[in-house]
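For reference, the structure discussed in these notes is given below.
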Amino acid sequence: MDSKDRWGGLMRAARLGDEAAYRLLLDELARAFRTAVRTRLARMGRGNADIEDIVQESLLAIHLKRATWDDTRPFAPWAQAVMSHKLTDRLRRGGATRFEPIDDSLDTLILPEPDPDAAGDVERILARLDPAQRRLVTALSLEGRSAADVAAETGASEGAVRVALHRALKRLAALYREDRP
Amino acid sequence: MKTDDLITLLARDNPGVIVDDRTAPMRSLATVAAASLAVLVVFLTLAGPRAGLATGAIFAVVGLKLAVTLAAVAAGIVLARQLSRPVGSSATLLWLLPAAVLSGFGLWETAMLGTSGWQARMTGTNALYCLTMIPLISLLPLAGLLVALKARAPASPALAGAAAGLAAAGIGASVYALHCTEDSALFLAMWYSLAAGIVVALGALAGRRLLAW
């Protein structure tokens, strides 16, 4: 079985609610995107600074649009197209000012490796979420707490926490789109 | 936030089972059909159908006009569906389908009436009304199509919006054709096309803003 069918299988499982399969898929996508984005940016003579932001924005788009993937078609080309869309979008938003021309092909060799731990623009974007959303996002990701835990603390139902998280993610994607570096 | 943290966050946003979106196109079509029916009823109530719509000669020529406008509806809907995905190709030639049907209509008209007086047929007598009403009638169907596309992930939001504009213009023109008494293919080529162009441009502009994802 090739990786395309594998990813498709993982996404099918994820859409049925399998969280472990979804995590695995997102991990593998993040790695594949990181390599692909680095290659594309290098070919355009751009630095590595944007890579992790583009990876994160692509994962967010995959997540929010996953219901529109037609599972009778292979998943990999769809995911690739979503990443490509985000990459193009970001380059257009970034404009020419961030263009870093290289006059020597050696430059591509000494570019630093992309850093998966890089925070990038997302901190700036998180800062623009409203306080309640930022608090929720931080609790569920950085602090690694469960939705039930957050629900107990805030007195909201677990369902309400889930709805709030989904709204926060949509808002995050919208803020990314509006962001002009 | 690191990518790993984002992945944790995304995995947590788990609504249980996500129903496959394959029924979405049918639901969208139903919405657009409802919007079309609404504008049809409102427009024909306010402006009224043309006299003798159901009688022989008029029925035939209205049928010819509808062949052109419904070709735009079909082409626009198929294109919008193809362009609603981040990946894949669209049948570019479909953009020309309405013009192709209109050319056939024009040839038939030339064979019937010859070329004398073509200027008068093209200019018509109520061009400005046509140019106003077709875009106006198209607005509601256009909104319905854009809402349907909003749930998708079009590679080019502007192009997908333009396709929605073509379909909406076709719907608007079909409704208007039941009232309009200009029966020349030349009038359609000049004024209906211009009106459709306005709606397509509107769709592209709206698409660029509203369908970005």
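Sorted fewest first by neighbouring Cβ atoms within 10 angstrom, B:Thr115, B:Thr69, A:Thr68, B:Thr132 come out as B:Thr115, B:Thr132, A:Thr68, B:Thr69. Neighbour counting of Cβ atoms within 10 Å sorts the residues B:Phe59, B:Phe43, A:Phe75, fewest neighbours leading, into B:Phe59, B:Phe43, A:Phe75.
In the protein assembly as shown, taking the dipole from charged Cβ atoms about the Cα centre, the farthest positive-side position among A:Val55, A:Leu172, A:Ala148 is held by A:Leu172.
Taking Cα pairs under 8 Å and at least six residues apart, what relative contact order does the range A:121-181 come out at, in percent? Working shown, then result.
Numbers: 31 pairs, mean separation 24.5, N = 61.
Relative contact order for the range A:121-181 comes out at 40 percent.
Multiplying the sequence separation of A:Thr138 and A:Arg92 by 0.36 nm and subtracting their Cα-Cα distance, what value in nm do you get?
Length gained, A:Thr138 through A:Arg92: 13.6 nm.
Between A:Arg31 and B:Ile18, the simple label model (points 7 Å from Cα in the Cβ direction) yields a spacing of 2.2 nm.
Which whole number gives the average count of other chain Cβ atoms within 10 Å of the Cβ atoms across peptide A:61-70?
Working: counts 3, 3, 6, 4, 7, 4, 9, 11, 7, 5.
Counting Cβ atoms of other protein chains within 10 Å of each residue's Cβ and averaging gives 6.
Give me the count of lysine pairs in the protein assembly as shown whose alpha carbons sit under 16 angstrom apart, restricted to pairs 8 or more positions apart or on different chains. Let's see the in-between values first.
Working: A:Lys65/A:Lys86; A:Lys65/A:Lys170; A:Lys65/B:Lys150; A:Lys86/A:Lys170; A:Lys170/B:Lys150.
Final tally of qualifying lysine pairs is 5.
Between the range A:47-85 and the range B:29-105, the C-alpha centres lie 35 angstrom from each other.
For chain B, what does the relative contact order come out to in percent, with C-alpha contacts under 8 Å and a separation of six or more?
Details: 270 pairs, mean separation 63.2, N = 213.
Contact order relative to length: 30 percent.
What is the gain in length, in nm to one decimal, between B:Trp118 and B:Leu194 on full extension, counting 0.36 nm per residue of separation less the C-alpha to C-alpha distance?
Working: separation 76, 0.36 × 76 = 27.36 nm, distance 1.82 nm.
Taking B:Trp118 through B:Leu194 to full extension adds about 25.5 nm, to one decimal.
Taking 7 Å steps out from each Cα toward its Cβ at B:Ile58 and B:Val41 produces label points 2.4 nm apart.
For peptide A:164-172, compute the average count of partner chain beta-carbon atoms within 10 Å of each residue's beta-carbon. The partial results should precede the final answer.
Values: counts 0, 5, 4, 1, 2, 5, 1, 0, 3.
Across A:164-172, the average partner-chain Cβ count within 10 Å equals 2.
Whole-Hz Karplus values for the range B:97-107 come out as 3, x, 5, 5, 5, 5, 4, x, 4, x, 5 Hz, taken residue by residue from phi with 6.51 cos²θ - 1.76 cosθ + 1.60 and θ = phi - 60°; glycine and proline positions read x.
Here, each number is a calculation from the coordinates, and none is a lab measurement. These numbers come from a predicted model, not from an experiment. Because the Cβ atoms are built from the backbone with ideal geometry, glycine has one as well, and the counts that use them run over all protein chains shown.
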